[in-house]
Amino acid sequence: MGIFKISPAVLLMVAIINTAGCRTVEPAPAPVLMVCEHGSVKSLMAASLFNQAAVERRLPYRAIARGVNPDPSVPAPIAAALAQEGIDVKEYVPTRFSGAEVAGASRVIAIGVDPVALSPAANVPIDSWSDVPAASVNYGAARDSLKQHVDALLNEMQRKPDR
């Protein structure tokens, strides 16, 4: 067997060809954790609005909804109202937040719940949205309030993506 000598120029061309189609893939940012009392209304609405707006703005952020004391399912009037807005929650099952989710979140939003219950595991500050009206009483007012909060949060995250 003979030993082949390969010129540095050939090695460089092979390296360029082998890496030409490769792109550095940025990992997705950690999710934004939205938490309300039952995990079936306010946090679900907020996460849904957040995810829709993030997609529309072509941002990599995503949110998940959780509850402190989760309901067994989404109330029918809320599911119907969300469906009218193009958000399908038929398969969604409210879930209690976990310490790991809080610890791994890029942002934590307490919606109508005491942030202290979430804080022991938080690596980031917990924002509190305590001014959101009850969706069961006035869905439109709750949606509008959550939309304002979501828009402000996404604007802030765009300005400071490292948080």
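The values are calculated or read from the model by the stated rules, or taken from the named source; none is laboratory data. Owing to the predicted nature of the structure, the values given are computational and were not obtained by experimental measurement. Positions of Cβ are backbone-derived with ideal geometry, glycine not excepted, and every protein chain shown enters the neighbour counts.
For this structure, a couple of remarks:
- If you go through the stretch 85-103 and pick out every residue that is of a type outside the set (Phe, Trp, Tyr) and either modelled with pLDDT of 95 or more or under 13 Å from MET34 (Cβ atoms) (or both), you end up with 6.
- Of all the numbered requirements in (1) surrounded by 14 or more Cβ atoms within 10 Å (Cβ to Cβ); (2) without any contact (Cβ under 8 Å) to a residue 60 or more places away in the chain; (3) among the aliphatic types (A, V, I, L, M), LEU49 misses one, and that requirement is (2).
- Scope the stretch 67-95; condition among the charged types (D, E, K, R) and either farther than 17 Å from ALA134 by Cα or without any contact (Cβ under 8 Å) to a residue 24 or more places away in the chain (or both); matching residues: GLU85, ASP88, LYS90, GLU91
- Qualifying residues in the stretch 56-75 (those that are of a type in the set (A, V, I, L, M, F, W, C) and modelled with pLDDT of 95 or more) - the one surrounded by the most Cβ atoms within 10 Å (Cβ to Cβ): ALA65
- Selected residue [over 17 Å from HIS38 (Cβ atoms), among the hydrophobic types (A, V, I, L, M, F, W, C) and at pLDDT 95 or above] from ALA121, ALA152, ALA110: ALA152
- Taking the listed residues VAL68, VAL89, VAL124, VAL74, the one that is within 17 Å of the chain's Cα centre (by Cα) and within 25 Å of GLY140 (Cα to Cα) is VAL89, with no other qualifying.
- Selection count where residues are surrounded by fewer than 19 Cβ atoms within 10 Å (Cβ to Cβ), closer than 22 Å to TYR61 by Cβ and not polar (S, T, N, Q), scope the stretch 100-123: 6
- For VAL116, the criteria (1) of a type in the set (Val, Ile, Thr); (2) in contact (Cβ under 8 Å) with a residue 60 or more places away in the chain; (3) in a helix (DSSP H, G or I) hold in every case but one, which is (2).
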